[in-house]
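Okay, so here's the structure we're looking at.
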Amino acid sequence: MYFYFFDKCALEKRHDTLRNTIETRLTDLGIHGRTERISIFKNMRELLENGIKQGAHTVIVVGDDHTFAQAVNIVAPHQVALGFIPIVSHSQFARVLGIDCGEDACTVISQRLYKTVDVGRVGSSFFLGALVPTDRQQQLIVRCDHLFSIQSLHAENGIEILNLGNIVENDPVHFSSAHDGKLEVRVVPPNMTHFFPLKKAVKEKQSVFLAQHISLTSSDDAPVHLLADGVTPLHTPCEVNCISSALKLIVGRSRLFE
Amino acid sequence: MALFTKETEVTHGAQPTASKTIIGSTVKVEGTIQSDDNIIIEGQLVGKVVTSKNITVGKDAKIQADMQAQSMDIAGEVRGNLKAVSDIQLHASAHVYGDLVAKNIGIESGAVLQGQCTTGENKEANAVPTVKQQS
């Protein structure tokens, strides 16, 4: 059974026509299923988990990047496929997954091209893209696989924990492997912006480490606040694990990763 | 026939980078790095490095560690014993304080080496360092 979830942004008045078109197209393609809409009485987690409990094998969320990132967090522990119909044209996740906006996404869903990818886990939270500190000036102590620790020698360096990549912050050049069972720790110099990522001198200063298990602590008493995929707030101390082949995604042929 | 052949999937835009560990010049690492990837060291390292692939040490790197690899390319400062299955190459800017064991050792003019060199076919040296995966 296909389970469709319409988030708040998809229910806005200005998207009425597009929403109707999507629903008609899904019926035409023969992939219509149970549909639920977010309301003040039912939140997203409640609706998705209820749908999965009732036998949904494919969960499709209709909304924006925020909707999809939240859906990854909810769906990852369950053995179901996850698809995305972006309602807005500037969705970064849609671009990475190779899914067009609106009605065209229905065609991609109907083609049933699946990719199983790793996800990152922090406690009971899951992320597909990246875990980054909200304030890059705060110093993190990173310990990988209980074997070695990483210490930044420049206070301005930023540290990112990547699974597929920092999708939300629009990093179009670098994508980590989401099939190797490892997360990537990147220590990035401050002047390495996403607009000029290939400057050689700067690139030589960035560091890359692969690890299955990462411990994050703060260098001082105050916890460092982190954001997973731009939506899930977390803080140090925390343990980050890579869960291998945990999430089955519906992707398009123009996706940006292998 | 083209009708019945599976359409080749093409991914566009960004491609995944080759798997490797990079210690940049603004980072210090303490502990044991065990890897099955190439390792590039431009920064500081204290501990031990074991990889089944190659190690490249940049000219500004400062290392206090024993290292094992398939081959090594050294341009920086290393205090520790180096063991490679095939080659160890010391560039002119290299400063190595430790023993070298490899099938072939190349030392450029200007390189500093304080230690013993053992070359040629050597059972111990030819044993490829394997990395045990953590469960």
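General remarks:
- Of all residues in the stretch B:61-82, none satisfies being of a type in the set (D, E, K, R), within 15 Å of residue B:25 (Cβ to Cβ) and facing chain A (nearest Cβ under 10 Å).
- Residues of the stretch A:65-97 satisfying the condition of being assigned to a loop (DSSP other than H, G, I, E, B) and over 22 Å from residue A:27 (Cα atoms): A:76, A:77, A:78, A:79, A:89, A:90, A:91
- Residue check, residue A:131 surrounded by 23 or more Cβ atoms within 10 Å (Cβ to Cβ) and closer than 26 Å to residue A:159 by Cβ: yes
- Residue match in the stretch A:11-31 (condition: among the small types (Gly, Ala, Ser) and crowded, with 16+ Cβ neighbours inside 10 Å): no
- Within the option set A:17, A:27, A:67, A:21, being among the hydroxyl-bearing types (Ser, Thr, Tyr) and under 17 Å from the mean Cα position of the chain (by Cα) holds for one residue only, A:67.
Residue-wise test of (1) more than 25 Å from residue A:76 (Cβ to Cβ); (2) at pLDDT below 85; (3) within 14 Å of the chain's Cα centre (by Cα); (4) not aromatic (Phe, Trp, Tyr).
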residue: A:169; (1), (2), (3), (4): no, yes, yes, yes
residue: A:173; (1), (2), (3), (4): yes, yes, no, yes
residue: A:204; (1), (2), (3), (4): yes, yes, no, yes
residue: A:207; (1), (2), (3), (4): yes, no, no, yes
residue: A:214; (1), (2), (3), (4): no, no, no, yes
residue: A:231; (1), (2), (3), (4): no, no, yes, yes
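- Of all residues in the stretch A:98-111, those being outside any helix (DSSP H, G or I) and within 11 Å of residue A:253 (Cα to Cα) number 3.
- Of the residues making up the stretch B:1-36, not one is modelled with pLDDT of 50 or more, facing chain A (nearest Cβ under 7 Å), farther than 19 Å from residue A:205 by Cα and in a loop (DSSP other than H, G, I, E, B).
The values are calculated or read from the model by the stated rules, or taken from the named source; none is laboratory data. The model shown is predicted, which means the values in this text are computed figures rather than measured ones. Every residue, glycine among them, receives a Cβ derived from its backbone with ideal geometry; neighbour counts consider all protein chains shown.
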